[in-house]
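I have placed the structure first, in the form of structure tokens, so that the comments after it can refer back to it.
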Amino acid sequence: MIRSYFRYLLRSRRTLILFFLAVYLILSLTWMTYDGVSVPGYGFYTSAKMAAALSMGLTFVLPVLVFSPFQKRSGCDQYFSLPISRKEIRIASLLAVFSVIFGYFLITVTAAWLLFGIGYVPLTLLLGIHAFMAFSVLSMCAINSYLFLLGNSWIDGIVILAAYTLLPFAASIGEGLLISNLMAGKHALALETHAQILSPVYTLMANYAALISRNGWLYMKFSLPLFLLSILYTVIGWFGLIHEFDERRSERAEMISDHPLAYPLIIHLYSLLCLLVICSSCISSHDPSFLILLVLLLVCFVLGQFLYRRRLEISWKQAGIFLAETILCLGFCQIMWSSRCFGMADRVRLDEGDTLVYEYSRLADEKDLGRGIIGQETDHGAYVSFQLEIPTDRLNEYQEVLQILEACRKTAVDQWYERRTHELSGYFQISSKTGDRTFNQYHFNPDLSLSEEELKRISGYCDVVVDDFNHDLEPSEMPLAEFLKLRSTW
Amino acid sequence: MLKAEQIAKAFGAKQVLRDVSLEIPDGAVFGLVGVNGAGKSTLLRIISGVMRSDQGTVMLDEQDTYRNASVRKTLAFVPDESYFPSGSSIASVRDLYESLYAFDRPMFDQYCRQFELDQNQTFAGFSKGMKRRAAILLAVCIHPRLLLLDEAYDGLEPLARLQIRKIIADMAGDGMTAVISSHSLLELEEFCDSFGILESGRILSSGDLLEKKEEVNKYQAAFETVPSPEMFQDLDIMRYKSEGRVVQMVIRGEREKVRASLEKKHPILLDVLPVTFEELFIYEMESRGTSL
């Protein structure tokens with residue numbers, strides 16, 4: 001029975017399968033020829049990357065195509081009355097989708113290896129790539145089919161699939177904005193967020209990229225935790241699909257998608273995410289535009305309800321829930337602000353990574369470099385800057401400057417939570433580094449400057465440079481000691 | 001034998017079927033009728049195994065049609081709206097049927113020629129009637145023991161209706177059971193031998209069509225004086241209409257007994273007329289206070 005239905009699926013969609021194959025090959029081959037001939041092995045790498053991206057894309061498209069009949073009343077009538085169990089239909093459908101997508105990948109990547117990879121890419125790596133992609137395709141097909149079937153119509157299914165796929169990335173952006181709004185020194189763009197690990201595509205493709213990097217084109221490590229997460233997502237997707245399909249009530253077809261994990265949850269998840277960002281911005285900056293954003297979000301909430309219920313109305317219950325969510329988020333953000341992000345703003349590890357880096361740049365009065373000035377007073381100003389790199393295994397040797405700089409950081413954090421204005425030109429930045437990777441970044445624009453005495457002590461550990469651009473000095477940049485000596489002659 | 005026992009089904013708060021029980025013997029052609037929303041399609045979906053009932057069971061030859069997929073090898077369901085995936089042709093669906101059922105390919109090829117259906121043409125180019133024909137022909141060519149037809153004649157032109165009716169009647173003669181829902185009661189009457197009237201999710205009336213039709217008759221009587229309805233209180237009147245001294249009544253009961261009872265009231269004239277299936281349906285509904 002499985003074979004019969006499997007064969008039927010492929011035969012009845014022969015045109016579509018051939019169309020996708022043509023698109024797949026054209027795109028992959030186009031990228032394969034890009035530098036693929038001139039740089040040995042590169043053609044294989046680019047085609048394997050492109051093929052993986054296309055395969056992941058198809059794991060969203062094909063499950064929608066094979067499972068959409070079951071979201072139509074007529075489709076349920078047609079297929080559920082056949083002498084084939086739902087379990088057999090599910091397995092045959094998944095197998096058909098898997099065969100098509102993995103078949104494309106197998107053909108393309110093997111062809112790329114034969115054309116550009118032999119001699120540069122070991123056969124074992126090729127087999128490893130195929131095995132990992134087989135797992136990835138099967139995993140994504142199960143997960144995407146499950147998410148699609150949470151909807152009761154194909155449109156709802158696509159919306160729900162898109163919403164859950166984008167949620168980890170939206171959560172990642174939300175996490176960045178929330179932390180940057182409520183934690184001193186953190187900037188959204190420089191933040192390393194973690195919410196993307198909720199994405200099955202991310203966990204699979206991060207490891208796929210690491211697998212490919214073994215041929216020397218990328219330098220990433222295969223992550224076992226991410227792989228375990230991928231397995232977890234696959235198990236959830238698989239059992240979810242069994243439940244959603246085998247136990248599916250066919251009368252759900254074409255009804256509103258009121259499954260608890262469909263619109264009811266999605267609307268609240270996105271609302272909460274937006275509310276957290278808006279409320280954190282309000283708490284952090286006391287910005288009155290908060291109310292306008294809140295109204296806009298309420299409109300989005302109503303539109304979400306419209307998409308769900310096909311009615312443009314909001315009940316008192318929904319309005320109450322929205323209000324409760326707003327109060328909850330405001331309260332949570334206030335607690336985060338008051339507790340300085342649960343103490344995380346003050347709790348900084350200096351010994352992480354290979355190097356601890358302090359960067360300082362300040363527009364100061366040329367007569368007293370310890371007095372910061374604002375941008376308009378440049379006619380008697382000079383830029384003081386330094387970049388101090390401390391190997392983390394030699395922190396003890398730098399205790400003197402660490403005390404100065406950490407005191408500076410503490411003052412900067414205090415000022416940030418006191419919402420003191422930051423008019424001085426310049427910045428104070430701290431980060432950790434391992435190789436090319438920079439992390440634990442803190443960026444401040446505090447209303448303070450290091451005194452000349454402190455700068456002198458720091459200059460014992462690194463170059464402190466003064467750029468006195470008001471005098472026609474050649475060069476205008478010079479070490480602190482030289483500048484102080486020159487200044488004493490004025 | 002098809003046996004449905006105490007079937008109940010609700011869609012959310014709406015109770016669609018309540019305690020529906022049916023027994024249809026092999027070879028019977030059962031007409032399922034009812035107003036829109038009465039629950040006909042839901043009942044057919046439950047019988048076909050598409051839908052699970054909240055309560056009760058449907059057994060075909062003592063096997064559950066929902067839980068046991070293999071029993072559906074002998075069951076064909078033609079829903080009111082057929083689904084064929086875009087790009088598919090009769091041939092691709094036929095291939096599926098051939099691999100799932102004991103499909104009679106020569107018979108199918110012959111019918112396709114008879115009904116002028118090109119097996120290689122995709123369904124996208126088919127009219128509603130052509131899709132309907134294809135769906136019915138695919139269903140009958142598996143030689144089902146139970147054929148379920150929802151809105152049987154929807155989209156079919158008169159000649160095709162006639163031909164399909166003949167095919168079904170022939171197959172019923174060979175022992176196939178057919179359950180057919182349709183709004184065309186006149187056509188159902190021509191080849192149904194039993195019937196069921198669904199109303200608000202309940203079987204309002206069911207049984208042998210001929211017996212039932214004999215049980216309900218139209219009586220037209222004229223009296224010397226203007227009669228009052230109270231005169232006929234001893235009879236089971238389903239419909240009463242009077243115009244001067246002439247009375248038209250639809251009365252349930254054995255024809256001779258009713259006639260004898262009316263004769264006792266000394267009518268000047270008394271005529272007895274049989275009812276059609278459509279009239280029977282209308283009178284049954286009216287007698288239960290359902291407005292059509």
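The values are calculated or read from the model by the stated rules, or taken from the named source; none is laboratory data. Quick caveat, the model's predicted, so the values are computed rather than measured. Glycine also receives a Cβ, built like all others from the backbone with ideal geometry; neighbour counts cover every protein chain displayed. Each accessible area value is taken on the protein alone, full model and side chains, heavy atoms only, with ligands, DNA and RNA left out. Shrake-Rupley method; radii C 1.70, N 1.55, O 1.52, S 1.80 Å.
Before moving on, here are some points about what is shown:
- Evaluation of A:His286 against (1) touching a Lys or Arg at 6+ places or on another chain (Cβ under 9 Å); (2) farther than 27 Å from A:Asp156 by Cα; (3) modelled with pLDDT of 80 or more (one fails), failing number: (3)
- Only residues that are touching a residue at least 12 places away in the same chain (Cβ under 8 Å) and within 30 Å of B:Ser21 (Cβ to Cβ) were counted in the range B:219-258, giving 12.
Conditions (1) crowded, with 19+ Cβ neighbours inside 10 Å; (2) more than 8 Å from chain A (Cβ to nearest Cβ), marked per residue:
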{"residue": "B:Ser70", "(1), (2)": "no, no"}
{"residue": "B:Ser82", "(1), (2)": "yes, no"}
{"residue": "B:Pro85", "(1), (2)": "yes, no"}
{"residue": "B:Pro106", "(1), (2)": "no, yes"}
{"residue": "B:Asp109", "(1), (2)": "no, yes"}
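- Where A:Ile2 falls short, out of the listed (1) closer than 30 Å to B:Gly49 by Cα; (2) open to solvent by 50 Å² or more (accessible area, probe 1.4 Å); (3) within 10 Å of another protein chain (Cβ to nearest Cβ): (3)
- The range A:11-32, residues that are open to solvent by less than 50 Å² (accessible area, probe 1.4 Å) and in a helix (DSSP H, G or I): A:Ser12, A:Ile17, A:Phe20, A:Leu21, A:Ala22, A:Tyr24, A:Ser28, A:Met32
- Number of the condition not met by B:Asp208 [criteria: (1) within 17 Å of the chain's Cα centre (by Cα); (2) in contact (Cβ under 8 Å) with a residue 60 or more places away in the chain; (3) surrounded by fewer than 18 Cβ atoms within 10 Å (Cβ to Cβ)]: (2)
- Check on A:Met344, of a type in the set (A, V, I, L, M, F, W, C), at pLDDT 85 or above and out of contact with any strand residue (DSSP E or B) (no Cβ under 6 Å at 6 or more places or on another chain): no
Table: residues versus (1) within 30 Å of B:Thr42 (Cα to Cα); (2) open to solvent by 40 Å² or more (accessible area, probe 1.4 Å); (3) not acidic (Asp, Glu).
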| site | (1), (2), (3) |
| --- | --- |
| B:Ser184 | yes, no, yes |
| B:Thr225 | no, yes, yes |
| B:Ile251 | no, no, yes |
| B:Glu263 | no, yes, no |
| B:Leu270 | no, no, yes |
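- Listing of strands (runs of 3 or more DSSP E) fully contained in the range B:154-264 that carry 3 or more residues being in contact with a Pro (Cβ under 9 Å, 6 or more places away or on another chain): B:216-222, B:236-243
- Of the residues making up the range A:130-152, none is modelled with pLDDT of 90 or more, open to solvent by 30 Å² or more (accessible area, probe 1.4 Å) and within 21 Å of the chain's Cα centre (by Cα).
- Any hit, the range B:95-109, residues being hydroxyl-bearing (Ser, Thr, Tyr), touching a residue at least 24 places away in the same chain (Cβ under 8 Å) and in contact with a Leu (Cβ under 8 Å, 6 or more places away or on another chain): yes
- Selected residue (criterion: most open to solvent (accessible area, probe 1.4 Å)) from residues of the range B:127-153 that are part of a loop (DSSP other than H, G, I, E, B), closer than 20 Å to B:Ile24 by Cα and touching a helix residue (DSSP H, G or I) at 6+ places or on another chain (Cβ under 7 Å): B:Arg145
- Lone qualifier among B:Val58, B:Val20, B:Val78, B:Val29 - being under 24 Å from B:Ala102 (Cβ atoms), away from every other protein chain (no Cβ under 14 Å), in contact (Cβ under 8 Å) with a residue 12 or more places away in the chain and crowded, with 21+ Cβ neighbours inside 10 Å: B:Val29
- With respect to the conditions (1) open to solvent by 40 Å² or more (accessible area, probe 1.4 Å); (2) more than 14 Å from chain B (Cβ to nearest Cβ), A:Pro63 falls short on a single one, namely (1).
Conditions (1) in a loop (DSSP other than H, G, I, E, B); (2) under 30 Å from A:Gln334 (Cβ atoms); (3) modelled with pLDDT of 85 or more, marked per residue:
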| residue | (1), (2), (3) |
| --- | --- |
| A:Ile390 | no, no, yes |
| A:Gln399 | no, no, yes |
| A:Lys410 | no, yes, yes |
| A:Trp416 | no, yes, no |
| A:Tyr427 | no, yes, no |
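- For the range A:70-96, filtered to residues that are farther than 15 Å from B:Met51 by Cα and within 14 Å of chain B (Cβ to nearest Cβ), the residue that is surrounded by the fewest Cβ atoms within 10 Å (Cβ to Cβ) is A:Lys87.
- So A:Arg347, is it out of contact with any helix residue (DSSP H, G or I) (no Cβ under 9 Å at 6 or more places or on another chain), under 24 Å from A:His187 (Cα atoms) and open to solvent by less than 20 Å² (accessible area, probe 1.4 Å): no
- Answer residue from the range B:32-55, given it is among the β-branched types (Val, Ile, Thr) and open to solvent by less than 20 Å² (accessible area, probe 1.4 Å) and is nearest to the other protein chains (Cβ to nearest Cβ) among those: B:Val50
- Any hit, the range A:473-480, residues being of a type outside the set (Gly, Ala, Ser), in a strand (DSSP E or B) and open to solvent by less than 30 Å² (accessible area, probe 1.4 Å): yes
- The range B:1-17 - residue that is of a type in the set (A, V, I, L, M) and within 12 Å of B:Leu43 (Cβ to Cβ) and, of those, surrounded by the most Cβ atoms within 10 Å (Cβ to Cβ): B:Leu17
- Subset of the range B:111-126 (residues that are of a type in the set (A, V, I, L, M) and open to solvent by 70 Å² or more (accessible area, probe 1.4 Å)): B:Ala124
- Residue in the range A:249-267 that is nearest to A:Gln71 (Cα to Cα), counting only those that are part of a helix (DSSP H, G or I) and in contact with a helix residue (DSSP H, G or I) (Cβ under 7 Å, 6 or more places away or on another chain): A:Ser250
- Scanning the range B:105-123 for residues being outside any helix (DSSP H, G or I) and over 26 Å from the mean Cα position of the chain (by Cα) gives a total of 7.
- Put simply, of B:Arg145, B:Arg105 the only residue that is modelled with pLDDT of 90 or more and closer than 21 Å to A:Tyr8 by Cβ is B:Arg105.
- Criterion: facing chain A (nearest Cβ under 7 Å) and open to solvent by 30 Å² or more (accessible area, probe 1.4 Å) - qualifying residue of B:Ser99, B:Ser92: B:Ser99
- Residue that is surrounded by 16 or more Cβ atoms within 10 Å (Cβ to Cβ), charged (D, E, K, R) and assigned by TED's automatic domain parsing to the domain that holds A:Asn440, where the choices are A:Glu366, A:Glu389, A:Glu325, A:Glu359: A:Glu366
- Residues in the range B:21-55 that are in a loop (DSSP other than H, G, I, E, B) and either among the aromatic types (Phe, Trp, Tyr) or under 22 Å from B:Tyr283 (Cα atoms) (or both): B:Val35, B:Asn36, B:Gly37, B:Ala38, B:Gly39.
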